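Take a look at the structure below.
FYI, it's all coordinate maths here, none of it is from the lab. From a predicted model like this one, the values you see are computed outputs, not experimental measurements. So basically every Cβ, Gly included, is an ideal-geometry build from the backbone, and we count neighbours across all protein chains shown.
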Amino acid sequence: MDASKCKLRRRVLLAVFGTLVVTTATFLLGIVCAKPLLFVEGGSRHADVIVVLGGDAGDRAFRALELFKGGAAPKILVSGDGDGVLIRNRLVLAGVGTNEIIMESNSGNTKQNAEFSIRLMKEQRMTRAIVVTSWFHSRRALACFRSFDGDIEFSSFPAYNGINMEHKPSLSEAPLVVHEYFGIAWYLLRYGIVPASPLEHTRP
């Protein structure tokens, strides 16, 4: 092998190695910084409705129930065409009345969650809503709801497994966190939806 081919091979190997190092570093940084980058919580704890997004019938349903039982809102709007019925059934089993639950069963993504839920809220003249989703999805979800209506006041009180947000993300959440970064980038490029800014945390 002549000297020129050796140099070319060395450059290719260095380029591949450099790409792997940068990719790995970016991945690790994204995991370490997931909480400040993806999690947003705050706003008023008093609203006309709690909007719980489908996609996790466990933690999200429990968080919505916790807020409802605490008097945060008189209604729960369940949004999503996947596990929405399961969330509804769990809420009913936990003591929420069927007349206190509003179903939105047509949305298949976060953008539609916001679009279709706001349509129902406007029909019922609701002006304040608490958005409940997973913690790593909260910034994009809040941004979507804000983008469809600037007159409704939105709060964000996400769900998370455990008693607090320490040591997040867990190992099991890492793939979901990575996926969420792609989701944020796609929504910014496709719909022009900018990640939501933090909300002032207010107490009852």
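Below, the figures for the structure above:
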quantity	calculated
Ranking of Ile130, Ile163 by count of other Cβ atoms within 10 Å, fewest first	Ile163, Ile130
26 Å Cα-Cα threshold exceeded, pairs from Lys122/Lys168; Lys75/Lys111; Lys69/Lys111	Lys122/Lys168; Lys69/Lys111
5 angstrom amide H check on Val51, placed H, neighbours 5+ away	Leu77, Ile130, Val131, Val132
Distance between modelled label sites at Lys122 and Met103, nm, 7 Å Cα→Cβ extension	2.4 nm
Pairwise FRET efficiency - Ile163 versus Asp81, Cβ, R0 = 35 Å, nearest 0.05	0.65
Amide H within-cut-off set for Glu153, under 5 Å, with H built and near neighbours excluded	Arg128, Ala129
Likely footprinting exposure, Tyr181, Tyr160, Tyr191, fewest C-beta neighbours within 10 Å first	Tyr191, Tyr181, Tyr160
